[in-house]
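Structure first, commentary second.
The values are calculated or read from the model by the stated rules, or taken from the named source; none is laboratory data. Treat the numbers as computed from the prediction; the structure is a model and nothing was measured. Ideal geometry is used to build each Cβ from the backbone, glycine not excepted, and the neighbour counts take in all protein chains shown. Surface accessibility is based on the protein's heavy atoms, side chains included, excluding ligands, DNA and RNA. Shrake-Rupley method; radii C 1.70, N 1.55, O 1.52, S 1.80 Å.
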Amino acid sequence: MKFSLILLFLLVTVTANAVSRIVVPSLPLVGFSDIEETTNVAFVTSGTGIQALEVRIEYTGTDSNCVEIAFGRDADGNGDLAAEEMRLLFGWRGGRRFVEDVALDERTYEDAAPASGRRFLSLSVRTDWKRVPRKATFTCESGPCFVSLAADAPRFLCDSSWNLVKVVRRGAFDANERCVVRSDAQKFVLMVR
């Protein structure tokens, strides 16, 4: 019996020591940047609302990065445009340009033609006297884009109740992302570095 207990003790000790010596290899390095940079800017629509809006984002478009600009109304007043407060969201996401009506959860994507160097996406909207979009155009480095969407000039492309703009960049190596926003009430340029 004493011999069985000693054997059991040795077996438990050897097993415990063997388990404590397992070496787990380190994780491999990720081949892309996993960062997110965000900024919010107060957006003045003036007392009468927006009559003209021009937005241009410049970026290095890769298959793994994302550069987005969102417009909306900061309903809770915390200075951060939350997803439920956004109305218009557009930009570059994972190798494609997109435009999104956030309130209706509707997205339009366009594949980008191969290009080297910088890319851009511009939106220009003109409204009528009731502040309803009447003309919209989208352009990119290869010419007009989102032509069918722009032809309809949907209401979500411009709203006089907006008071905040949010720019988000994810997984981008290039430190020269740029966003230019012009309206008849305000102009500003954001350089994301």
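Name the strands (runs of 3 or more DSSP E) wholly within segment 18-88 that hold at least 2 residues that are open to solvent by 50 Å² or more (accessible area, probe 1.4 Å) and modelled with pLDDT of 80 or more?
Working: elements: 36-42, 52-59, 66-72.
Hits in segment 18-88: 36-42, 52-59.
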request  = Would you point out the residue of segment 104-117, among those that are in a loop (DSSP other than H, G, I, E, B) and closer than 16 Å to Asp63 by Cβ, that is modelled with the highest pLDDT?
outcome  = Ala112
ask   = Taking Ala112 and the conditions (1) over 23 Å from Asn40 (Cβ atoms); (2) touching a residue at least 40 places away in the same chain (Cβ under 8 Å); (3) open to solvent by less than 40 Å² (accessible area, probe 1.4 Å); (4) out of contact with any Gly (no Cβ under 7 Å at 6 or more places or on another chain), which numbered condition does it fall short on, given that it satisfies the others?
value = (4)
remark   = Taking segment 89-103 and keeping residues farther than 16 Å from Arg170 by Cα and not in a strand (DSSP E or B) leaves Val102, Ala103
Only listed residue being in contact with a strand residue (DSSP E or B) (Cβ under 8 Å, 6 or more places away or on another chain) and hydrophobic (A, V, I, L, M, F, W, C), chosen from Trp129, Trp92 = Trp92
message = Just to verify a result, which residue in segment 132-147, among those that are out of contact with any Ser or Thr (no Cβ under 8 Å at 6 or more places or on another chain) and open to solvent by less than 90 Å² (accessible area, probe 1.4 Å), is farthest from Arg96 (Cα to Cα)?
response = Val132
ask   = Considering segment 129-171 alone, what residues qualify as being among the aliphatic types (A, V, I, L, M) and part of a strand (DSSP E or B)?
value = Ala136, Leu164, Val165, Val167, Val168
ask   = Can you pull out the residues in segment 116-127 that are over 20 Å from the mean Cα position of the chain (by Cα) and open to solvent by 50 Å² or more (accessible area, probe 1.4 Å)?
value = Ser116, Arg126
